[in-house]
Amino acid sequence: MDNEKWLNRRIWFWVIVWLALLFVGLALLGYWEMGAIRKSLEAFGAAEARSIEPVMTFVAHLGKIYYRIMGAMFIAAALFLGLSLRLSLRSVLHGDGEQMKMEIPPDSVAGGRRSKDIDTRRHELHLLALLQRDGRLVDFLEEDLQAYDDQQIGAAVRTIQEKCKKALNRYVNPRPILDREEGQEVTVPEGFDPGKIKVTGNVSGSPPFVGTLQHRGWRAGELNLPVLSGEGDPDIIAPAEVEVTRGSEKP
């Protein structure tokens with residue numbers, strides 16, 4: 001919007017400047033022509049020894065009409081050109097949405113998404129892909145546990161939990177917000193950050209509050225994520241794996 005206003009002001013400025021220059025040029029040309037006509041009439045009157053005052057008055061009147069016509073044409077031309085350019089500018093800036101999309105230079109890869117969106121999506125799924133790679137977290141969460149008994153599930157959970165915990169500590173190094181045992185009494189100080197500490201229960205008055213720690217909370221420590229590759233489909237969490245048992249029969 002600010003750019004549009006700036007362009008509108010620039011358009012009106014240059015329209016007025018150029019038309020003003022044209023008006024001044026034509027006015028000077030008219031003044032020179034009127035002076036030439038006046039001199040010719042004076043020379044004619046002196047040669048013929050007759051009065052040419054009515055003719056000079058008529059010429060002066062024609063000059064006034066000429067300048068008035070020029071002024072009106074200047075105003076009309078300025079309004080016409082300014083409005084035309086403004087409408088053209090607005091059609092370019094606020095054209096049809098689909099057409100504007102087609103005119104934007106493509107900076108996306110397969111799938112029609114822009115590279116910026118792809119980078120954002122890849123970063124959002126990066127940690128999940130690491131937990132899947134090191135701990136098979138997605139496999140476990142997507143598994144139908146109804147087919148297994150509690151003993152089998154317990155053994156699988158222990159293995160997955162150990163691997164995911166190791167991966168999480170390696171890449172994110174999480175640390176508790178309140179380093180106390182859950183169930184202990186804690187004091188929420190005055191001026192606490194609601195983003196770090198969530199108070200529930202009988203909350204009245206102003207802090208400090210005294211209560212029982214229900215959850216310690218977590219915050220990320222030093223991040224140590226592997227560098228992302230700039231290639232590939234950003235939606236891939238883990239590639240499918242195929243163990244080849246028979247090679248191609250083609251020579």
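Computed from the coordinates by the stated procedures, all read-outs in this text should not be read as laboratory data. On a predicted model such as this, the values are computed, not experimentally measured, just so you know. Heads up, the Cβs are rebuilt from the backbone with ideal geometry, glycines too, and the neighbour counts pull from every protein chain shown.
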Residues whose built amide H sits under 5 Å from the amide H of Val188, excluding neighbours closer than 5 in sequence, are Phe209, Val210, Gly211
Virtual spin-label span in nm between Val227 and Leu79, 7 Å along Cα→Cβ
6.5
The local net charge around Tyr171, scoring Lys/Arg +1 and Asp/Glu -1 for residues other than Tyr171 whose Cβ lies under 13 Å from its Cβ, equals +3
At a Förster radius of 41 Å, what calculated FRET efficiency corresponds to the Cβ-Cβ distance of Gln152 and Thr187, to the nearest 0.05?
0.40
Considering lysine pairs in the range 126-251 that are 8 or more places apart or on different chains, how many have Cα atoms under 29 Å apart?
5
Only Lys, Arg, Asp and Glu count, each charged at its Cβ (+1, +1, -1, -1), so figure out the dipole size of the range 149-241 about its Cα centre, rounded to 20 debye.
320
Net charge of neighbours whose Cβ lies under 13 Å from the Cβ of Gln152, counting Lys and Arg as +1 and Asp and Glu as -1:
-3
